[in-house]
Amino acid sequence: MNLGQGSAAEGGVELDGMPIGIPDTEAGSVDDPHGGGGVAYGSMTPDPSAPAVALPNAAAASVEVDRSRPNYRLLSLLALGHLVIDTNQGSLPALLPYLKTALGLTYTATGVIVLMSTITSSLIQPLFGFLADQTARRWLLPLSVILSAFGIALSGVAPSYAAVLALVMLSGFGVAAYHPEGYRTATQVAGDKKATGVSIFSTGGNIGIAVGPPLITALITMFGMAGSLGMLVPGLLVAILLMLVLPGLSRPLPARTDGRASAPQTMVGAMTLLVLVISIRSWTQLGFTTYMPFYYLEVLKGDPRMVGTLLAVFLGSGAVGTLIAGPIADRVGHRRFMVSVFFLAAPLAIAFLLVSGVWTFVLLAALGLVLVSTFTTAVVLGQAYMPRNLGMASGLIVGFAIGAGGVGATALGWVADRWGLSSALWISALMPILGCAVSLTLPEPRSR
């Protein structure tokens, strides 16, 4: 608000360029209620020579406060959608042994199913990330939940291997469409603690990854392969909820134009190294989630009903690790946290292959807690390397890098067919050593 010059004769004053008349002394006075006489209106006439005074903008101040606080309602809704999306994605490893038996598949053919899922759910995510950086497409969120649910639900009753591949790819497209927009929005409403806020969103996904295996295992155990159709129920319910509630919860996000203009340039070399690091981590994670059920059944002679539980222990511990990792990474630094995690992951993975019995579950839980916890940190670090393209950054980390790990999982299937499951898992267990070495070369993000 600006008080400008006014005419002393007219008693005028300008308020943001609009003249407001103030009566002169002849118009009257205001009586002092304490009996001290009157105050003449004319005494309020501004001095023409006085400089204009700019008053603070209260609205701007309130926006600044809002930007520093996370929008927990929106984060919770995004995390719920993330939970269902990744429940569908996480159920695929537990479904593979049943599909292998039903369709008479080799390990290599089973690995190709993982590859097709990976290509559609992960490798194309940078494209959706690019679109998310251009404009918000909120309608993709409920649509993607529906696609992921239909694809995985119908895979269990697919009549052929080709049909399975097509349905897995359909589910993968739903997964790919949800993540970049979800991560971009979560980052923007997370306030100052980016890793903490994004960890809330990521935890929804990691819980879903952990819930998926025991859920689909229980459905197939009770109802046969047609039990996979039960995956439609949570998908449809949450898609309807997103359509009904998300527009009401959505508030205008802080304008991106100023932040993008002042943000540092993209660190191309650093981002390339980070993608390599996450690809290595994904090789280990997908190697274990894809072939550990077969290892448990065929090498350790475990109970088939425990396959879902085994995966839930690994991925559920990862969900806990993700939630814990956010505040720790915010405190110690994202790069330092990443190096430390890889340093711990290799011994735990190797120890898992040397034990049996209850220690299998204990060490698997520890490995999941450590290994999967890098998920949130990797996204935040990637967005720090690409501050002007948050959607693209999350697409590269969550999509392309993890997808590259899926290619490794397919190669491990070839290894398992020729040299056994143990060889494939030993390769996966040793990969974090390489990841630790590469992560040491990651630079700190630029502040300006």
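The values are calculated or read from the model by the stated rules, or taken from the named source; none is laboratory data. As the structure is a computational prediction, the values presented were derived from the model and not from experiment. Neighbour counts are summed over all protein chains in view; Cβ atoms, including those assigned to glycine, are modelled from backbone coordinates with ideal geometry.
When the stretch 109-154 is filtered for residues that are of a type in the set (A, V, I, L, M, F, W, C), modelled with pLDDT under 75 and either in contact with a Leu (Cβ under 7 Å, 6 or more places away or on another chain) or surrounded by fewer than 19 Cβ atoms within 10 Å (Cβ to Cβ) (or both), the ones remaining, listed by number, are Phe130, Leu131, Ala136. Answer yes if at least one residue in the stretch 407-429 is assigned to a loop (DSSP other than H, G, I, E, B) and either in contact with a Cys (Cβ under 7 Å, 6 or more places away or on another chain) or among the polar types (S, T, N, Q) (or both), and no otherwise. For the stretch 407-429, residues assigned to a loop (DSSP other than H, G, I, E, B) and either in contact with a Cys (Cβ under 7 Å, 6 or more places away or on another chain) or among the polar types (S, T, N, Q) (or both): absent. Test Val268 against the stated conditions and say whether it is aliphatic (A, V, I, L, M), at pLDDT 70 or above and closer than 30 Å to Pro443 by Cβ. Answer is yes for this residue. When Leu381 is tested against (1) over 17 Å from Leu286 (Cβ atoms); (2) at pLDDT 90 or above, exactly one condition is not met: (2). Summed over the stretch 352-365, the residues that are free of Cβ contacts under 8 Å to residues at least 40 places away in the same chain and buried (at least 16 other Cβ atoms within 10 Å of the Cβ) give a count of 1. Please pick out the residue among Asp303, Asp330 that is surrounded by fewer than 23 Cβ atoms within 10 Å (Cβ to Cβ) and under 17 Å from Ser199 (Cβ atoms). None of the other options fit; the residue is Asp330. Within the stretch 390-424, the set of residues being among the β-branched types (Val, Ile, Thr) and modelled with pLDDT of 75 or more comprises Ile397, Val407, Thr410, Val415.
Considering only the stretch 382-404, I want to know if a residue exists there that is farther than 21 Å from Ser121 by Cβ, touching a Leu at 6+ places or on another chain (Cβ under 7 Å) and of a type in the set (A, V, I, L, M). For the stretch 382-404, residues farther than 21 Å from Ser121 by Cβ, touching a Leu at 6+ places or on another chain (Cβ under 7 Å) and of a type in the set (A, V, I, L, M): absent. Within the stretch 81-104, if we keep just the residues that are among the aliphatic types (A, V, I, L, M) and buried (at least 18 other Cβ atoms within 10 Å of the Cβ), the residue that is modelled with the lowest pLDDT turns out to be Ala94.
Is the stretch 299-310 home to any residue that is of a type in the set (Lys, Arg) and in contact with a helix residue (DSSP H, G or I) (Cβ under 6 Å, 6 or more places away or on another chain)? The answer is no; no qualifying residue exists. For the stretch 195-210, check the following and say yes or no: at least one residue is part of a helix (DSSP H, G or I) and either among the acidic types (Asp, Glu) or modelled with pLDDT of 95 or more (or both). No: the stretch 195-210 contains no residue that is part of a helix (DSSP H, G or I) and either among the acidic types (Asp, Glu) or modelled with pLDDT of 95 or more (or both). Annotation for the stretch 296-311: at least one member residue is farther than 18 Å from Ile216 by Cβ and either in contact with a His (Cβ under 7 Å, 6 or more places away or on another chain) or in a helix (DSSP H, G or I) (or both). Within the stretch 385-399, can one find any residue that is of a type in the set (A, V, I, L, M), touching a His at 6+ places or on another chain (Cβ under 9 Å) and part of a helix (DSSP H, G or I)? So far as the stretch 385-399 goes, yes, one or more of its residues are of a type in the set (A, V, I, L, M), touching a His at 6+ places or on another chain (Cβ under 9 Å) and part of a helix (DSSP H, G or I). When Gly368, Gly435 are checked against the criterion of being over 24 Å from Gln188 (Cβ atoms), buried (at least 23 other Cβ atoms within 10 Å of the Cβ) and free of Cβ contacts under 8 Å to residues at least 60 places away in the same chain, a single residue qualifies: Gly368.
When the test is whether a residue is over 23 Å from Gln89 (Cβ atoms) and assigned to a helix (DSSP H, G or I), Ser340 passes it. Condition first: without any contact (Cβ under 8 Å) to a residue 60 or more places away in the chain, within 25 Å of Leu77 (Cβ to Cβ) and buried (at least 23 other Cβ atoms within 10 Å of the Cβ). Can you find one or more residues in the stretch 175-188 that meet it? Yes, because at least one residue in the stretch 175-188 is without any contact (Cβ under 8 Å) to a residue 60 or more places away in the chain, within 25 Å of Leu77 (Cβ to Cβ) and buried (at least 23 other Cβ atoms within 10 Å of the Cβ).
When the stretch 385-400 is filtered for residues that are in contact with a Lys or Arg (Cβ under 8 Å, 6 or more places away or on another chain) and surrounded by 24 or more Cβ atoms within 10 Å (Cβ to Cβ), the ones remaining, listed by number, are Leu390, Gly391, Ser394.
Looking across the stretch 411-428, just one residue is crowded, with 20+ Cβ neighbours inside 10 Å and β-branched (Val, Ile, Thr), and that is Val415. Checking the conditions here, which among Ala158, Ala177, Ala149 is closer than 30 Å to Thr101 by Cβ and part of a helix (DSSP H, G or I)? Result of the check over Ala158, Ala177, Ala149: Ala149.
Can you spot a residue in the stretch 125-141 that is of a type in the set (Gly, Ala, Ser), free of Cβ contacts under 8 Å to residues at least 24 places away in the same chain and either out of contact with any Asp or Glu (no Cβ under 6 Å at 6 or more places or on another chain) or more than 18 Å from Leu229 (Cβ to Cβ) (or both)? No - not one qualifying residue is present in the stretch 125-141.
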